[in-house]
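The values are calculated or read from the model by the stated rules, or taken from the named source; none is laboratory data. All values reported here derive from a predicted model rather than from experimental measurement. As a convention, Cβ positions derive from the backbone with ideal geometry for all residues, glycine included, and neighbour counts pool all protein chains shown.
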């Protein structure tokens, strides 16, 4: 029998309907300290203890908290510390999975992309043109199958009911338009190409932070720097890595959302991570493209290397899919062979071949794939997610991919409610805008409603913060808040302070590597580090007063 629960009064402010966020979305050191004290004094079990602060864990925390359940999220490092920050930052429509016959995943991907672009996080996702160039290195077979694939992708878009003004139909373009979109294309033999569109996040780590902050606005306790030990069906011990001691958290359901580290919590889990490597280039090396290049692997009709325009004047080239056995590192390292492969493949479409001197940075992420016992390539392992209660009593949510995090979270919380007998009002996240989305139920600063960003705001600031962009500057106390943190980096000083006061950053590394992504390029990190550290220290001092 379901345990009778009522929605906490704090989630139903006067004059509003149920499900409206009433807590502040601000995550910071002061809130962390207060919530740790409250957790230590708590005598009742929480409904859900979520282990893992990536996109899956943050998505589960939001889904559960928005249903009125009590939630604690524990992350050993920082939000988006693991796989979630190492993606291509694409919100895929599922074409790759349609090509492999995985129709269910393809359809789910298209639907989740639609929700992200139209309701959940339209401020963080934009339509990205993707160009399959008809250069001599792209065979006639690759052109035909690539064009057919883009048409099938458009069918998925229509199936998900995504409007054409959100994602345009694919079309054939000529040589001049192809060069306008991607000026670095090889000119000799260029016959135009096919242009399609997909979704692109301004940043994957920003999505995770927005999910965690929105969950906090619905009452979830979000704790970073908390290592988990002795996890079982009744709870886990949280060890404060900042020196604050330990606390045993009792929970009705313990959710293992630790990604590639899931097997360390539940020995019954067998993961088979695969490594995806990306290169970071200066956009100038490719003529400041406005479309992504889609270059087929040599001889393949289904696998591609992408050159993706990014924030901060960069282009990211990726990605690989290589088996990564052995112990899971905190930060995976790209292999030389992968770097050479990516440079060699993308160069087949370019006027000038790229070399190691063009690489400003490189990163690799491990996909949390479930070991199915086969001997084939990791590229052939299904991207379907797995949600089940294990023999150890943990509710494991594994596999999947960034685009479908919301569906994974929904299935996990649905199962949690059934397993523990929790009253369940049903999933609400399909229509719940994240903090920063216009029309979101989440207040910008805990009291004010979201407002349209001021027209004079920097484009990059609006792209990263949406309706919160004005508040980032309005609440700043640092000197010269609208000034850039360093020459050539379009990140304002106010954003650094906001990362500490509202986004849960606890040190300069959190800001450089996950809130701004400046750290993807070592030279940029060095250029900005001193100024970032100074603002972070000042903001942390504010929290201790």
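What are the pairs with Cβ atoms under 7 angstrom where one residue, in the stretch 133-149, is assigned by TED's automatic domain parsing to the domain that holds residue 299 and the other, located anywhere, is assigned to a helix (DSSP H, G or I) and surrounded by 14 or more Cβ atoms within 10 Å (Cβ to Cβ)? Sequence gap at least six, or different chains.
So the pair list comes out as 133/178; 134/143; 149/95; 149/99.
Just a yes or no: is a residue in the stretch 452-467 modelled with pLDDT under 75 and surrounded by 13 or more Cβ atoms within 10 Å (Cβ to Cβ)?
yes
Could you say which residue among 155, 164 is part of a loop (DSSP other than H, G, I, E, B) and farther than 22 Å from residue 88 by Cα?
164
Looking at residue 91, is it closer than 27 Å to residue 311 by Cβ, surrounded by fewer than 19 Cβ atoms within 10 Å (Cβ to Cβ) and either in contact with a strand residue (DSSP E or B) (Cβ under 8 Å, 6 or more places away or on another chain) or at pLDDT 95 or above (or both)?
When the stated conditions are applied, residue 91 does not pass them.
Considering only residues of the stretch 114-144 that are assigned to a helix (DSSP H, G or I) and under 30 Å from the mean Cα position of the chain (by Cα), which is farthest from residue 165 (Cα to Cα)?
120
Answer yes or no: is there a residue in the stretch 61-71 that is within 19 Å of residue 31 (Cβ to Cβ) and assigned to a loop (DSSP other than H, G, I, E, B).
Scanning the stretch 61-71, I find at least one residue that is within 19 Å of residue 31 (Cβ to Cβ) and assigned to a loop (DSSP other than H, G, I, E, B), so the answer is yes.
Report, by residue number, each residue of the stretch 313-358 that is within 23 Å of residue 80 (Cβ to Cβ) and in contact with a helix residue (DSSP H, G or I) (Cβ under 7 Å, 6 or more places away or on another chain).
Correct list: 313, 314, 315, 317, 318, 320, 321, 322, 328.
Considering only residues of the stretch 483-503 that are part of a loop (DSSP other than H, G, I, E, B) and within 26 Å of the chain's Cα centre (by Cα), which is surrounded by the most Cβ atoms within 10 Å (Cβ to Cβ)?
Per the criteria, the residue is 502.
Considering only the stretch 275-307, state which residues are under 14 Å from residue 363 (Cβ atoms) and not in a strand (DSSP E or B).
Within the stretch 275-307, none qualify.
Please work out which residue is nearest to residue 57 (Cα to Cα), limiting yourself to the stretch 408-431 and to residues that are touching a helix residue (DSSP H, G or I) at 6+ places or on another chain (Cβ under 6 Å) and crowded, with 22+ Cβ neighbours inside 10 Å.
It comes out as 409.
For the stretch 140-169, what are the residues that are in contact with a helix residue (DSSP H, G or I) (Cβ under 7 Å, 6 or more places away or on another chain), over 22 Å from residue 102 (Cα atoms) and surrounded by 15 or more Cβ atoms within 10 Å (Cβ to Cβ)?
The answer is 166, 167.
Among the residues of the stretch 308-324, how many are part of a strand (DSSP E or B) and closer than 14 Å to residue 361 by Cα?
6
Among the residues of the stretch 471-481 satisfying the criterion of being in contact (Cβ under 8 Å) with a residue 24 or more places away in the chain and surrounded by fewer than 22 Cβ atoms within 10 Å (Cβ to Cβ), which is nearest to residue 511 (Cα to Cα)?
Filtering first and then ranking leaves 478.
Quick check: is even one residue across the stretch 359-369 part of a loop (DSSP other than H, G, I, E, B) and at pLDDT below 95?
Taking every residue of the stretch 359-369 in turn, at least one turns out to be part of a loop (DSSP other than H, G, I, E, B) and at pLDDT below 95.
Can you tell me which of (1) in contact with a strand residue (DSSP E or B) (Cβ under 8 Å, 6 or more places away or on another chain); (2) buried (at least 23 other Cβ atoms within 10 Å of the Cβ) is the one residue 237 doesn't meet?
(2)
For the stretch 189-243, give me the residue count where each residue is assigned by TED's automatic domain parsing to the domain that holds residue 149, out of contact with any helix residue (DSSP H, G or I) (no Cβ under 8 Å at 6 or more places or on another chain) and without any contact (Cβ under 8 Å) to a residue 60 or more places away in the chain.
Selection size over the stretch 189-243: 1.
For the stretch 524-531, check the following and say yes or no: at least one residue is in contact (Cβ under 8 Å) with a residue 12 or more places away in the chain and over 27 Å from residue 317 (Cβ atoms).
Within the stretch 524-531, one or more residues are in contact (Cβ under 8 Å) with a residue 12 or more places away in the chain and over 27 Å from residue 317 (Cβ atoms).
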